Ligand SMILES: Cc1cc2nc3c(=O)[nH]c(=O)nc-3n(C[C@H](O)[C@H](O)[C@H](O)COP(=O)(O)O)c2cc1C
């Protein structure tokens with residue numbers, strides 16, 4: 001292949017369909033490359049955390065999930081309370097971590113409200129979305145797990161981790177477990193495992 005032809009190919013790959021780059025000098029060429037780099041930042045993957053945190057303990061769990069997720073570089077982590085979260089937040093994310101308390105044998109009203117507003121807009125648009133769930137329950141948690149899993153089945157989201165149940169009297173170990181959950185989700189997303 002001739003040298004000129006090689007340059008023209010390189011220019012074409014850099015958005016120079018008409019081959020003008022083949023005719024410019026080195027300095028201009030590298031300026032063009034720098035300009036293109038500035039315009040096209042690499043796409044980062046977003047991990048959305050939608051978690052209800054009505055108490056100090058549950059705030060520390062949500063904080064731990066976020067901290068774990070942020071331990072992975074290159075992942076954009078977004079934390080939104082369920083009452084503020086909506087379908088657009090989910091559509092902008094590549095994975096979701098849900099968190100809720102158990103109240104009266106079911107997920108918190110706040111998380112249920114998020115699903116009530118988001119279910120139909122997301123249906124058929126987010127099949128296969130990798131998801132994880134943690135539950136803070138004073139004594140049980142099974143009704144909450146069942147309720148969330150039923151909704152995720154309808155949405156066809158994929159629970160890529162066993163739901164984490166932080167059940168019974170408060171234990172500092174819950175914080176560690178939540179941090180590990182956040183880190184594992186972010187790592188899986190970064191590695192393209194999900
Ligand atoms: C109105 C109300 C209902 C609750 N219902 C349940 C329940 O059905 N099952 C359960 O395991 N815990 C229940 N709990 C306990 C909460 O899940 C728990 O207090 C909450 O997750 C906050 O955790 P923390 O007390 O460690 O901050 C209930 C709490 C309240 C205030």
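Each value in this text was obtained by applying a stated rule to the coordinates, not by laboratory testing. It should be emphasised that the depicted structure is a prediction, and the values quoted were computed from it without experimental measurement. Every residue, glycine as well, gets a Cβ built from its backbone with ideal geometry; the counts of neighbours run over all protein chains shown.
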Label points 7 Å out from Cα along the Cβ direction at residue 88 and residue 124: separation in nm?
-> 2.2
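Only bridges with both residues in the range 45-191 count here: give the DSSP antiparallel percent, nearest 5.
Values: 2 of 25 bridges.
Bridges in the range 45-191 are about 10 percent antiparallel.
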Over the range 45-191, calculate the relative contact order: mean separation of alpha carbon pairs under 8 Å at least 6 apart, over the residue count, as a percent.
-> 33
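Any idea what the alpha-carbon Rg over 2.2 N^0.38 Å comes to for the range 83-144? Please report the intermediate quantities before stating the final value.
Numbers: Rg = 12.3 Å, N = 62, 2.2 N^0.38 = 10.6 Å.
Here the answer is 1.17, to two decimals.
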Just the Kirkwood number for the range 45-191, please: inverse of mean 1/r across all distinct Cα pairs, in Å, one decimal.
-> 14.8
